[in-house]
Amino acid sequence: MTQEENAERSDFETVETVNDEDAPCEKTNADSQEEKTSVEATKKRIWKKKTAVVLVCLVAVIAIGALAAFVAVPAYEYSRGMDCLDQGDYQEAKECFSRSNKDDSNDYIAYCAAMIAMSDNDYETALANLVGLDVRDSADRLKEAYYEKGQALFEKGSLEDAKNAFIQSDDYQDASSRAVLCQNAVDLLDAENE
């Protein structure tokens, strides 16, 4: 073999060696690229799962909050309003019913307003709130309001108006006898004025 042939052969072996060394590197690079892609896909799946879990938790918290705000709290306030009503604390009962969402809450608010007005001797407001109500003893309270209005008018000397109020109080206490008393007083005054 000549030197030229040896040099060529040496160059050929070098190229073969270089090419053989490059081949495993290319496979390693390809494997590495697949691994990176697989890891990235796994990370994306994990991120999506975590996001889904967080969203589900967030929706659950919102649902629980809505349930509390629109069901539990109003139901509690209604119950508390009834307790206050039973104890005669009409102002507190009225406030509780205003925070409730039961169908008859507005009727109880009107009832409480009427009871507050009656305690303040404001019979016109009491009557305005009681007319048409059908809660608890509202029918009896309506009669009582007319009776008390008649009593107040009688004391002022408005006998005809007092008589009408006593008549509207129907069978409340001695309303019928008071209406007769007012009518007799009116008749007597009319007779004196003639």
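Taking the Cα centre of region 109-194 as origin, sum charge times position over the Cβ atoms of Lys and Arg (+1) and Asp and Glu (-1), and report the length of that vector in debye to the nearest 20. Walk me through the numbers before you get to the answer.
Values: 7 positive and 18 negative charges, 60 e Å.
The dipole of region 109-194 has a size of about 280 debye.
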Problem set entry | Between region 117-135 and region 155-191, the alpha-carbon center distance in angstrom | 20 Å
For this session: Evaluate the distance, in nm, between pseudo-label points positioned 7 Å from the Cα of R136 and of A152 along their respective Cα→Cβ axes.
Result: 2.0 nm
Exercise. Which one of V186, Y90, N129 has its Cα pushed farthest toward the positive end of the charge dipole of region 60-194, where Lys and Arg give +1 and Asp and Glu give -1 at the Cβ?
Worked result: Y90
Problem set entry | Candidate lysines for bridging to K102, where Cα separation is under 24 Å - those fewer than 8 sequence places away on the same chain excluded | K94
Seminar exercise, completed: In this structure, the FRET efficiency calculated for D174 and D89 from their beta-carbon separation, with R0 = 35 Å, to the nearest 0.05, is 0.70
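So, with +1 on the Cβ of K and R and -1 on the Cβ of D and E, and no other charges, what is the size of the charge dipole of region 30-140 about its Cα centre, to the nearest 20 debye? Could the numbers behind the result be given before it?
On the way: 12 positive and 19 negative charges, 292 e Å.
Charge dipole of region 30-140: 1400 debye, to the nearest 20.
Laboratory data are not the source of any read-out in this text; all were calculated from the coordinates shown. Treat the numbers as computed from the prediction; the structure is a model and nothing was measured. All Cβ positions, even for glycine, are placed from backbone atoms using ideal geometry, and neighbour counts span all protein chains on display.
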